[in-house]
Amino acid sequence: MDTDALITHARTRFDHAAARRTLRERYQARLVFGYRGGMFRATPDMITFLDLYSHDTIVVEDLYQNPVEVDAAELGSIMRERWQEQMTAWLIEHQALNQQR
């Protein structure tokens, strides 16, 4: 392999890795949303936690470490919807990115 081919290959690999990181950051940012005066990130851990208290009003800590009183069922539903919507969109873009490689 000549030097130009090696350089081109290395740049392609680097560009692909950078594009994957950028894609992940973009979708992680889309998982953040406001609810009852607090900012929350939809995560599987938080969704599971809220499912445990699905019939109660509880106090949870938001992203900025502030206590917020929430309806566990309502917040859990919002988080599940947001999580699934963003993960599906991320998967589609990730697959398209991998096909370009």
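Read-outs: derived from the displayed coordinates by stated rules, not from any lab. These numbers were taken from a predicted model, which means no experiment stands behind them. Positions of Cβ are backbone-derived with ideal geometry, glycine not excepted, and every protein chain shown enters the neighbour counts.
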Chymotrypsin sites (Phe, Trp or Tyr not before Pro) within segment 30-93: DSSP coil, no more than 15 neighbouring Cβ in 10 Å: Tyr64
With Cα atoms, 0 to 90° folded angle of helix 3-30 axis to the chain main axis: 10
Cut-off under 5 Å, modelled amide H: who pairs with Asp62 long-range: Val68
Read-out P(r) over Cα pairs in 5 Å bins from 0, in percent, derived from the coordinates shown; its label in [x] 2, 14, 24, 24, 17, 10, 5, 3, 0; [y] 2, 10, 12, 12, 9, 8, 7, 6, 6, 6, 7, 7, 5, 3, 1; [z] 2, 12, 18, 17, 12, 10, 8, 7, 5, 4, 3, 2, 1, 0: [z]
Contour excess over end-to-end distance, with Cα ends at Arg21 and Phe49 and 0.36 nm allotted per residue: 7.3 nm
